[in-house]
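Since every read-out is calculated from the coordinates, none of them should be taken as a lab result. This one's a predicted model, so the numbers in the text were calculated from it and none came from an experiment. Glycine gets a Cβ as well: all are built from the backbone with ideal geometry, and neighbour counts include every protein chain shown.
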Amino acid sequence: MRKKSLLLFLLITALSSSAMKKKVADPIQYVSGTFSINEGSIRKVGRVYEFVINTLTDNVIIDSVWFGATPVPCDLLEIKTRHNIDLANVKGTYIVRANKDLYKNFNAQIDSTSSYTHFKAPFAFKGDAVIMYKVNGIRYYLNVQHVQQVKAKGYR
């Protein structure tokens, strides 16, 4: 009987201590996302995605977006001015823009990108997209879900 009560006490103590540990927050949070199918005058531009994110730390480098195949490079934009920037220096809200069909417009015979041969998937792909970024040299992944399709903006 004593062994059972001691075992029960240890089990309850272990569970309560693990529950008290704080969950480490991700350096960025996904707010919302949209995509539109854009067509140019010569060929289709492709599906252009825009994700609104909040950075919770300084010096975040967002370098690519993974849509399930090869990651594509992306642009980081300030939310107010929509100017392209290299990194999120301060905490705040930013826009990440990427073209899912970027590599479809490349000619396969003269394409110099070999990213598809060097990319090894870090985990099984789930969701609509994965934003890949670095903070202090450490690679992070943000899974994106519930991206809504919107109508493409017209030309002036």
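At a glance:
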read-out	value
Cross-link pairs beyond the 29 Å C-alpha cut-off, checked among Lys80/Lys153; Lys80/Lys104; Lys80/Lys151	Lys80/Lys104
Gain in span if fully extended, Asp86 to Asn136, counting 0.36 nm per residue against the direct Cα distance	16.5 nm
Those aspartates and glutamates that a straight Cα-Cα span of less than 16 Å connects to Lys44, excepting residues fewer than 8 apart in one chain	Asp101
Residues Lys44 and Asp75, FRET efficiency given R0 of 22 Å [Cβ-Cβ distance, rounded to 0.05]	0.70
Charge sum, other residues only, whose C-beta stays under 15 Å from Ile62's C-beta, Lys/Arg counted +1 and Asp/Glu -1	-3
Cα-based shape type of segment 52-103, given that a ≥ b ≥ c are square roots of the gyration tensor eigenvalues and the cut on a/c is 1.5	prolate
